[in-house]
Amino acid sequence: MEKKQNLTLRYSLMHFTHWAASTGAVSFATAYLIGRGLEPAAAGFLLALSGLLSCVTQPVLASVADKAQKFVLVKMLLVMSVVSCLALGMQLFSGIPVYVAGIIYMAGIWSADAMVSLQNALQVAYEDAGYVINYGVGRGIGAIASAVSALVAGIVIARYGAVWMVVFLLVFRGLSMMVLAGFPVIQKKTSEHVSEKKRGSSSVLHFFAQYKWYCFSLIAVLFLGMFHAMTENYLFAIMGRLGGDSSHAGVAVFIACIVAFPVIFCYSAIRKHICDIQVMKIAAVSFLIKSVIFYVAPNITSIYFIQLLQITSYALLAPAQVYYARAKVRDCDMVKGQAFMTAAYALGCSCGNFAGGCLLDFGVERLLQAGIAMASAGTLIMFVTADRVDNKDDGNL
């Protein structure tokens with residue numbers, strides 16, 4: 001039997017280039033759109049709309065890939081990358097009306113967000129085909145890319161303007177397409193085992209009925225996503241309240257991303273010592289603590305230190321939710337389980353962006369108070385639902 005190559009390096013490069021383009025585009029979306037002339041509420045609405053579209057379309061895209069006769073994930077990711085490139089490229093034309101430019105920019109963010117579940121599926125597909133891919137390493141490298149992108153994009157937009165930030169993002173999206181195009185061609189599995197799994201999988205409505213506690217726990221993820229997205233995307237306003245600007249926001253996001261890297265990178269080792277349910281609870285409590293001290297932070301330096309809580313909040317939640325979904329849902333429903341987990345977080349980000357845009361009109365203090373409420377709701381629901389089981393097929397958590 002021919003030994004297949006190790007694709008961890010290529011998979012890591014895919015994550016690096018993707019998150020370098022995606023994080024910069026999302027983290028400074030509100031600053032970019034408001035700077036271009038949009039009202040904060042309008043910018044928040046567009047961000048929310050992109051997140052809502054991502055939430056709705058990710059299960060649909062997963063279904064398309066699953067039902068296709070051939071392996072189409074790489075082609076789908078390339079097409080979505082082209083959409084993202086076009087959306088960014090259109091920002092370089094100054095004659096476009098501000099609202100049209102905003103809608104196009106949001107289409108690019110939607111495309112980048114919707115790629116995430118397909119990238120996860122890509123890793124599974126190549127492992128099933130006999131290739132070696134370490135998910136933790138790849139996603140950890142992505143965290144490094146997010147850190148670098150946030151730092152550089154924040155400095156670029158503060159010193160040189162939004163146009164050069166867009167160029168920076170376009171370069172990495174182009175590199176991402178080159179990496180994707182280099183993945184080897186594989187055949188889609190058509191074995192009897194796969195067919196049986198498809199026949200035994202649940203419809204969407206039956207999925208909600210069969211896994212009600214799992215679905216309730218997704219509401220916790222949604223609220224935590226709301227808080228995380230709102231504070232990250234409106235960090236420039238939080239910094240402005242303390243006398244800072246987008247460059248300080250970039251430094252703060254850089255710190256959060258860089259400290260998340262070793263945790264995500266080593267998560268497979270971490271979960272050997274603590275179960276995924278407990279990790280989810282730790283992450284929820286960390287988000288709650290972060291929301292409170294964000295509110296009382298006296299200066300920019302304190303925000304930098306608060307970002308260290310990324311170690312026990314997002315850095316744990318991001319990989320843990322993948323394993324949590326895998327253990328909570330039967331194998332025949334695994335694609336839906338992962339898709340709904342990703343969609344719940346995307347919907348939370350969407351709601352957080354919309355809420356942030358509306359609340360910013362009433363001041364940063366109101367925004368931060370709402371963040372405490374979001375994190376509190378997410379933590380409470382997580383503690384109530386995470387330990388509940390839906391059927392005897394649940395795995396070891």
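The values are calculated or read from the model by the stated rules, or taken from the named source; none is laboratory data. Small disclaimer: the values here were computed from a predicted structure and weren't measured. Note that we place each Cβ from the backbone using ideal geometry, even for glycine, and neighbour counts take in every protein chain shown. Areas reflect the complete protein model, heavy atoms only, side chains present, ligands, DNA and RNA absent. Shrake-Rupley method; radii C 1.70, N 1.55, O 1.52, S 1.80 Å.
Between a first residue in segment 297-308 that is touching a residue at least 60 places away in the same chain (Cβ under 8 Å) and a second residue that is part of a loop (DSSP other than H, G, I, E, B) and open to solvent by less than 30 Å² (accessible area, probe 1.4 Å), which pairs have beta carbons less than 7 Å apart while being 6 or more apart in sequence or on different chains?
ILE300/GLY244; ILE303/ALA297
In segment 5-36, what residues are outside any helix (DSSP H, G or I) and either small (Gly, Ala, Ser) or at pLDDT 80 or above (or both)?
Answer for segment 5-36, where residues must be outside any helix (DSSP H, G or I) and either small (Gly, Ala, Ser) or at pLDDT 80 or above (or both): GLN5, ASN6, LEU7.
Restricting segment 210-229 to residues that are open to solvent by less than 10 Å² (accessible area, probe 1.4 Å) and modelled with pLDDT under 90, which is nearest to ALA327 (Cα to Cα)?
Across segment 210-229, the extreme among qualifying residues is TYR214.
Within segment 62-96, how many residues turn out to be under 20 Å from ALA48 (Cα atoms) and more than 21 Å from the chain's Cα centre (by Cα)?
Looking only at that region, the number is 1.
For segment 72-126: of the residues being in contact (Cβ under 8 Å) with a residue 60 or more places away in the chain and hydroxyl-bearing (Ser, Thr, Tyr), which is most open to solvent (accessible area, probe 1.4 Å)?
Among them, the one singled out is TYR99.
Go through segment 309-359 residue by residue and tally those that are of a type in the set (A, V, I, L, M, F, W, C), within 19 Å of ALA143 (Cβ to Cβ) and not in a helix (DSSP H, G or I).
So the count comes out to 0.
When residues of segment 149-192 are filtered for being modelled with pLDDT under 80 and within 14 Å of TRP19 (Cβ to Cβ), how many remain?
Total meeting the criteria: 3.
Free of Cβ contacts under 8 Å to residues at least 12 places away in the same chain, farther than 22 Å from ALA162 by Cβ, of a type in the set (A, V, I, L, M, F, W, C) and out of contact with any Pro (no Cβ under 6 Å at 6 or more places or on another chain), is that true of ALA269?
Taking the combined requirement at face value, the residue satisfies it.
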